[in-house]
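Below is one structure, written out as structure tokens; comments come after it.
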Amino acid sequence: MEKVKLVRNAPHQKYHTKSGEEVPGGSTICKIGESPEALIAWAWKLGTEGKDYRKERDRAADIGTIAHFMCEAFLNGFVCDLSDYEQDKIDKALGCYSKFLEWWDGEGLEKVATETQLVHDALRYGGTIDLVAKRPNGDHVLIDLKTSKRINDPYWRQVAGYAQLWDENHGQLNTMRIKDHAIVRIGKEEEGDFQVVWKTELLYDWLVFKKQLELYWAMKEAKEAKPKRTRKNKND
């Protein structure tokens, strides 16, 4: 069985249209305009407990990354090389992974694709889809894995954007189009913290995602059009 290494601090995925233009990813778009209050409150709480929020954030991100990788390895039949990561993080991720396995075994789903990187040329955005699976009746479903404490609205907008990406690139045949969507939330800290929510209709999530995408490009164009400051000559 092939062994694949999970590299720490790997560069973020970049997306390009067929013409070579770099475009934003769905995970960036769905957060545009969101209030930072929850993040500020979380960082403040950690500070009152004498914890560095940066270290806690990075630790949580590592656990989530490892858990995602373990799920991917199971679905694609390869062995994880986690030599870049500490054992305590691997142990936490194993708890997440076991919850996913138990759920998957009971769903009767068949994997179609994992970690699929796609670009929507017309709308100018991209994304990496965690998992597309097929039900026994042939319906294709899109599944997004989250290692978080709750399911937030931006997650559904991201899923809506990903479903459109898939249909744009694979939906020429109606049988390949996404018929249902799920967020599988796997908690990292508390035992048994696991949640699966299915949503068939994502029309309003998709409408908001498109507005966020428009705002992204408007802000980018405004930033590029802004005159650059020039240093004054000391002799002026």
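The values are calculated or read from the model by the stated rules, or taken from the named source; none is laboratory data. Just so we're clear, the structure is a prediction, and the values are computed from it rather than from any experiment. Here the Cβ is made from the backbone with ideal geometry for all residues, glycine too, and neighbour counts use every protein chain on show.
Per-structure values
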{"quantity": "Residue in the range 34-45 that is in contact with a helix residue (DSSP H, G or I) (Cβ under 7 Å, 6 or more places away or on another chain) and either modelled with pLDDT of 80 or more or in a loop (DSSP other than H, G, I, E, B) (or both) present", "calculated": "yes"}
{"quantity": "Within the range 93-130, considering residues that are assigned to a strand (DSSP E or B) and hydroxyl-bearing (S, T, Y), the one surrounded by the fewest Cβ atoms within 10 Å (Cβ to Cβ)", "calculated": "T128"}
{"quantity": "Among the residues listed as K220, K179, K210, the single one being in a helix (DSSP H, G or I) and either at pLDDT 95 or above or surrounded by 13 or more Cβ atoms within 10 Å (Cβ to Cβ) (or both)", "calculated": "K210"}
{"quantity": "Single residue of the range 75-92 satisfying the filter (in contact (Cβ under 8 Å) with a residue 40 or more places away in the chain and either of a type in the set (F, W, Y) or not in a loop (DSSP other than H, G, I, E, B) (or both)) that is surrounded by the most Cβ atoms within 10 Å (Cβ to Cβ)", "calculated": "K92"}
{"quantity": "Looking only at the range 176-196, and only at residues there that are of a type in the set (A, V, I, L, M, F, W, C) and more than 16 Å from the chain's Cα centre (by Cα), the one that is farthest from P136 (Cα to Cα)", "calculated": "F194"}
{"quantity": "Which numbered condition R150 misses (of (1) within 17 Å of D205 (Cα to Cα); (2) surrounded by fewer than 20 Cβ atoms within 10 Å (Cβ to Cβ))", "calculated": "(1)"}
{"quantity": "Qualifying residue in the range 152-159 (condition: aliphatic (A, V, I, L, M), under 30 Å from D91 (Cβ atoms) and assigned to a helix (DSSP H, G or I))", "calculated": "yes"}
{"quantity": "Residue in the range 134-146 that is within 23 Å of T65 (Cα to Cα) and among the charged types (D, E, K, R) present", "calculated": "yes"}
{"quantity": "Residue in the range 61-74 that is modelled with pLDDT of 90 or more, in contact with a helix residue (DSSP H, G or I) (Cβ under 9 Å, 6 or more places away or on another chain), surrounded by fewer than 17 Cβ atoms within 10 Å (Cβ to Cβ) and aromatic (F, W, Y) present", "calculated": "yes"}
